[in-house]
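A.B. asks: Please see the structure below; I have some questions.
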Amino acid sequence: MKNYVLVFFAGCIGLATGCSKGSKTEETTTPPVTTNRTTDPTTPSVETLPPNSSYKPAFAGQTRIAAVKTTTAYRSTALTSSLTAPWGIAALPDGRFLITEKAGTMRLVTSTGQVGTALTGIPAVNAGGQGGLLGLCIDPAFSTNRMVYWSYSERGADGNVLAVAKGRLSTNEASLENVTVIYRATPSYSGTNQYGSRVIFDRTGNLFVSSGDRSDPGIRVQAQNANSCIGKIVRITTDGQAAPGNPFIGQANTRPEVYSMGHRNEHGLTIHPVTGDLWEGELGPRGGDEINLIKPGANYGWPIITYGIDYSGQPIGTAIQAQNGMEQPVYYWDPVISPSGMTFYKGNRIPEWENNLFICALSGMHIARLVITDNKVTGEERLLVSEAQRFRDIIQGPDNALYAITDGGRLYRIDRN
Ligand SMILES: [Ca+2]
């Protein structure tokens with residue numbers, strides 16, 4: 001196993017010259033240090049490339065917010081590089097991890113990066129295109145019930161569908177047992193792109209699941225149809241039923257499990273540690289990656305409103321960015337960074353990161369740090385740029401460090417020095 005220890009003396013140029021051999025430093029040309037609540041709106045953004053569209057934001061700070069820079073010295077360590085296209089990571093109470101790999105395997109990984117053998121008992125996935133074994137989470141009562149929940153693309157008789165399964169991690173840790181498929185985000189579709197998907201617990205013991213728009217123009221319009229689970233966030237019980245209190249329960253021509261609609265390809269779901277709100281990140285069209293604050297029953301606009309254009313260069317729909325009854329993103333990126341997994345930091349190891357949102361960037365090849373004040377983004381930083389990795393998912397471990405996985409097979413631990 002290769003170990004990579006990269007020490008960043010952020011904001012401390014004098015110390016940087018004293019790094020030991022093999023260490024790297026962050027670039028020292030970044031803007032002046034700012035704190036969470038004193039962001040100067042004239043400070044340059046971390047983004048220096050021209051936008052893909054000429055669209056204007058709905059409000060100041062909705063994109064290209066002022067750059068901030070972490071002042072606490074921190075380090076990232078690659079604990080392993082021997083995973084194969086890891087997609088989702090969940091922390092166990094004892095400090096180990098469960099990690100999904102796209103091709104259909106799930107493995108235990110120790111806190112020091114020792115990768116276990118593939119667990120048996122996982123239903124087959126259709127790993128074609130963007131499908132595979134995707135997001136996962138453990139039960140809040142895992143210590144006593146050992147239950148695991150995951151989403152994946154399932155090949156069915158009439159197409160592929162995003163499914164959610166659950167199972168018990170066996171006592172000998174070799175398998176998932178009593179596995180049942182609890183939910184399918186119907187309808188099925190022949191394509192294999194843009195399934196989402198993450199699965200996380202809410203604070204009431206129910207599950208949020210993100211279900212992507214499946215990409216193609218003929219199917220993605222169902223993101224606007226509350227009677228389809230394409231392009232939705234659904235909220236279900238651990239048995240896969242519509243969760244009590246869902247916004248569309250009892251309404252005609254709707255699915256009772258739908259929680260929010262008008263989504264594209266949602267790789268990011270996380271709960272704000274203070275407010276308890278659900279925050280979501282989705283890969284948009286060219287120039288339209290979004291962060292959204294999710295309200296029950298709300299419509300997030302895709303594919304009617306967007307700040308992006310089609311990858312062909314054509315406008316999306318009628319090229320509008322706002323419409324009554326549709327929610328604006330809290331933040332968007334143009335050009336795109338391809339936001340995947342994300343988490344709020346609620347630890348005490350790096351106090352200036354408290355309640356900041358950390359987002360994995362695939363094409364952007366960094367971890368975006370967003371400072372958020374009163375539900376608005378007030379600063380952005382790019383972390384681990386020099387690693388040149390496609391970051392796929394990030395969580396906070398029980399030791400209050402951040403852990404991130406990359407398409408290149410790495411698991412990083414990120415903590416203060
Ligand atoms: Ca949107």
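Where a number appears in this text, it was derived from the coordinates with a stated rule and is not lab data. Because the structure is predicted, anything quoted here is derived from the model rather than measured. Note that we place each Cβ from the backbone using ideal geometry, even for glycine, and neighbour counts take in every protein chain shown.
A.B. asks: What is the fewest-to-most order of Asp393, Asp94, Asp139 by other Cβ atoms lying within 10 Å of their Cβ?
C.D. replies: Ranked by crowding around the Cβ, least crowded first: Asp94, Asp139, Asp393.
A.B. asks: I've got another one for you. In whole angstrom, note down how far apart the Cα centers of region 220-247 and region 350-369 are.
C.D. replies: Cα centroid of region 220-247 versus Cα centroid of region 350-369: 28 Å apart.
A.B. asks: Count the DSSP beta bridges whose two residues both fall in region 288-404, then state the antiparallel fraction as a percent rounded to the nearest 5.
C.D. replies: 95 percent
A.B. asks: Looking only at Glu381, Glu173, Glu154, which one moves most when the chain is put into a Gaussian network model with springs between Cα atoms under 10 Å?
C.D. replies: Of Glu381, Glu173, Glu154, the Gaussian network model singles out Glu173 as fluctuating most.
A.B. asks: Between Ala319 and Thr72, what FRET efficiency comes out of the Förster formula 1/(1 + (r/R0)^6) with R0 = 51 Å and r the beta carbon distance, rounded to 0.05?
C.D. replies: Numbers: r = 43 Å, r/R0 = 0.85.
Calculated value: 0.75.
A.B. asks: Let me have the relative contact order for region 4-416, percent, based on Cα pairs under 8 Å that are six or more residues apart.
C.D. replies: With pairs under 8 Å counted, the relative contact order is 15 percent.
A.B. asks: Related question: Among the listed pairs Lys56/Lys102; Lys102/Lys166; Lys102/Lys232; Lys346/Lys376, which have their C-alpha atoms separated by more than 25 angstrom in this model?
C.D. replies: Over 25 Å apart, Cα to Cα: Lys56/Lys102.
A.B. asks: Tell me which residues come under 5 Å, amide H to amide H, from Ala103 once H is placed; ignore anything under 5 positions away on its chain.
C.D. replies: Counting only residues 5 or more places away or on other chains, the set is Leu133.
A.B. asks: How large is the Kirkwood hydrodynamic radius of region 243-401, in angstrom, based on all distinct alpha carbon pairs? Mind dumping the intermediate values first?
C.D. replies: Working: mean 1/r = 0.0605 Å⁻¹.
Roughly 16.5 Å, rounded to one decimal.
A.B. asks: Between Leu269 and residues 5 or more places away or on another chain, which pairs have amide H atoms under 5 Å apart, with H built 1.01 Å from N, and which residues are they?
C.D. replies: Gly281, Met342
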